[in-house]
Structures are given as C-alpha cells and as structure tokens.
1. Of all residues in the stretch 32-62 being open to solvent by less than 40 Å² (accessible area, probe 1.4 Å) and assigned to a loop (DSSP other than H, G, I, E, B), which is nearest to residue 130 (Cα to Cα)?
2. Could you check the stretch 63-82 and list, in sequence order, the residues that are open to solvent by 10 Å² or more (accessible area, probe 1.4 Å), under 20 Å from residue 123 (Cα atoms) and under 27 Å from the mean Cα position of the chain (by Cα)?
3. Residue 101 fails exactly one of the following numbered conditions: (1) in contact (Cβ under 8 Å) with a residue 60 or more places away in the chain; (2) open to solvent by 30 Å² or more (accessible area, probe 1.4 Å). What is the number of that condition?
4. In the stretch 259-291, how many residues are surrounded by 13 or more Cβ atoms within 10 Å (Cβ to Cβ), over 17 Å from residue 214 (Cα atoms) and not aliphatic (A, V, I, L, M)?
5. Here is a check on your reading of the model: is residue 65 small (Gly, Ala, Ser) and either out of contact with any Leu (no Cβ under 8 Å at 6 or more places or on another chain) or over 16 Å from residue 128 (Cα atoms) (or both)?
6. Please enumerate the residues belonging to the stretch 220-258 that are open to solvent by less than 30 Å² (accessible area, probe 1.4 Å) and in contact with a strand residue (DSSP E or B) (Cβ under 7 Å, 6 or more places away or on another chain).
7. Which is open to solvent by less than 20 Å² (accessible area, probe 1.4 Å), in contact with an Asp or Glu (Cβ under 9 Å, 6 or more places away or on another chain), under 23 Å from residue 15 (Cα atoms) and of a type in the set (S, T, N, Q), of 125, 147?
8. Regarding the stretch 216-224, can at least one residue be identified that is in a helix (DSSP H, G or I), in contact (Cβ under 8 Å) with a residue 40 or more places away in the chain and under 22 Å from residue 6 (Cα atoms)?
Amino acid sequence: MYYYLLVYRRLRNYNVRGLLSDIDLPPLSVIVCARNEEANLRLYLTEVLEQDYPLYEVIVVNDCSSDDSNWILKEFKQRYKHLRVVDISEHARYKHGKKFAVTLGVKAAQHEHLVFTDADCYPASNQWLQYMAQEFVGSVEIVLGYSPYLSMRGFLNKYIRFETYYTAQNYLSYALKRNAYMGVGRNLAYKKSLFFKGKGFASHMHIPSGDDDLFVNQNATKENVAICIHPDAMTWSKPKTTYAAYQRQKQRHFGAGKAYRSKHKRMITLQVLSVLFFYALAVLLLVFQPTYWPIVTGIYILRLIAQFLICIPIMKKMQVGNLTGWLPLMEIYHLLYVSFMGATALFRKNVTWK
C-alpha cells in the first residue's frame, strides 16, 4: 500500500503537458548507436532525421557493422546534411561494448544537450525532440523518456509490454519522488557537460550493459531530473518474438543492477520482497489457518482496489491500457520472473551487447 499510495500515485496524478510556446529550444545532438542495423536504419532513421526542430544534428555511431549499414548511411548523408556518421572498425584483439560507441558519439556531438535512442526505435511524432528539449529548464540535466513496445499476438508480447510499463512506472514514479535511479536508452536525454563531469562510464566500463540506467543511477540528484511521457514524445520499437531472445536481453539488463547505488539496491529489493511476502504469507495463512480466509480475501481485495485505482490511469498513459485485465496475473508472473533473473544474475559473468 505504501508503494501504491505514496510512490505510484505521483505518476498517476502527473499532469502530462503539451508543447510550450514561450521557451527557447536549445540545439540538440541526437545519438544513435548501431551495429548491423541495416534493416532498422532503412525503416526508422528517416523519422529521426525529419523532426520538427529548429537546430539539431543526428550522429549515428556505426559500430563495427558487417552488413550494408555503411552504404545506407552514405545514402542518407547525401539527403540529410545534419546527419553525421562515426565509424568504428573491428579490432582483432580488443573488443568493446556499447558504452565505447556511446562515448564516441558524445565526444563527436557539437551541442550541449544530447538525446539518445536506438536504431530499432522510431519516435511517435515529429515533435519528439521538442517535447524532450522543453524539459531542460532550471537545474534539469537529465530527462527520462518512455519507450513502449508494439502490440503483437501472444503471451510473450503481453508480458514484454507489461514488464516495460511496470519498470517505467517504477523509475518514473521515483523520479517524481526526487529519487531517480534509472532510465532507458531508447528514450533518454542529458547534458554533455554532465557526462564529462561524471567521467562518463569510467566507473562501470567493465560492465557490458548500463550505458543508460547506470549513468542515470550515478548522476541523478534530487534537483536535476525531469520526465517526459507525452504520447508524441515516446519512441516505439518491436519487441523480441522468442523467449530465448528476450532472455538474452534481460540478462544484459540485470547485469547492470549489481552496480546500482546501495540505497537503490536496498529500495528495489525491499519492494520485490514486499510483494513476494504478501502472496507467500497469504498462501501460508490459508494453508495453516483456513478459517482466516475472510480476512485474507478482504486484504487481497483491498489491495486489488488500490492497485486498479492507481495503475489503470498509469497504464493508459503508458499506452498499455488493453492490459489492465491482465494486471493481477502479470504481477505474479513478473514477480517470479524477476526473482529468478535476479538470483541467476549473481552468478552470470559473460554478457555482451551484440
């Protein structure tokens, strides 16, 4: 009840505002890291290059691609003068992860305000950059966006979309609570000066993942984070279609969690345990004290009412309103999956970007 009434309620009550007309938009550098993304560059790069924005550049870091990405980018450069390409060549002895590519993109950026997305993502509208940029006011140095997945058939798709919403509900709510602990690189913005002030990814360069969430975790303060969740400011992408592919993706994500600040690791662990013990103790009470079933049922219904009252408006904001009926089942499934992945992540060492 604490999380629903005091944490998630902040996101439920958050007023999603439209475009502001009386502010000066700063020049932007949009950074996209791509490794063997030939098909996605053809499909989505145009959406990034044709934003309704006064002054911006797009930097594509072509990271050791062995497909035809290089030729596609050359074609795009002939049509779009604000596109710049940073090429990284494969080294026979030294391998690198996405953080190296991101670092080169940041160094190549000509502007102070940076916006990040992935090659397999496309913005919901040509006003994406306007919405992200207008959040850079006052002391704000980091803007957390949201990136949902497309709706497709099958249970895996439902779960991926639910997990994405559930994760966003958490990190966006805590950001509004002035305790930001992560962001997602599919839709993220921050200042170039902040990157260098915090020495980039130096403290966790040995961890393959975490170019987004670990950066936010280590550089966010109570005053320097804003969120941007207008529907036109979201970036969309296709989810994984097989359990094996999704498993590999989540293994990379869970590997970064071990490097979170201690207070955030305790915070997340306590939150998972609160749900775990709620269901575990309810089952134990029904098994050993079956006459207490009216109390157990009443408590569960009370929690369910709070859950629906808080989460349904958030799910609509997060573009997963058609999953509201799955909420109770998905929460249990997600709890079991996160517990399993968190336990196995402790013993996993070899994780790569692609």
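1. Here is the first cut: in the stretch 32-62, the ones open to solvent by less than 40 Å² (accessible area, probe 1.4 Å) are 32-35, 37, 40-41, 44-46, 48-49, 51, 53, 56-62.
Keeping just the survivors that are assigned to a loop (DSSP other than H, G, I, E, B) gives 35, 37, 51, 53.
Values: 35: 27, 37: 26, 51: 9, 53: 6 Å.
The selected residue is 53.
2. Of everything in the stretch 63-82, just one residue is open to solvent by 10 Å² or more (accessible area, probe 1.4 Å), under 20 Å from residue 123 (Cα atoms) and under 27 Å from the mean Cα position of the chain (by Cα), namely 82.
3. The one condition residue 101 does not meet is (2).
4. Within the stretch 259-291, residues that are surrounded by 13 or more Cβ atoms within 10 Å (Cβ to Cβ), over 17 Å from residue 214 (Cα atoms) and not aliphatic (A, V, I, L, M) number 3.
5. In short, yes.
6. 220, 224, 225, 226, 227, 228, 235, 237, 239
7. Every option except 147 fails the conditions.
8. Yes, because at least one residue in the stretch 216-224 is in a helix (DSSP H, G or I), in contact (Cβ under 8 Å) with a residue 40 or more places away in the chain and under 22 Å from residue 6 (Cα atoms).
The values are calculated or read from the model by the stated rules, or taken from the named source; none is laboratory data. If you're wondering where the values come from, they're calculated on a predicted model, not measured in any experiment. Glycine gets a Cβ as well: all are built from the backbone with ideal geometry, and neighbour counts include every protein chain shown. All accessible areas refer to the heavy atoms of the entire protein, side chains included, with ligands and DNA or RNA removed. Shrake-Rupley method; radii C 1.70, N 1.55, O 1.52, S 1.80 Å.
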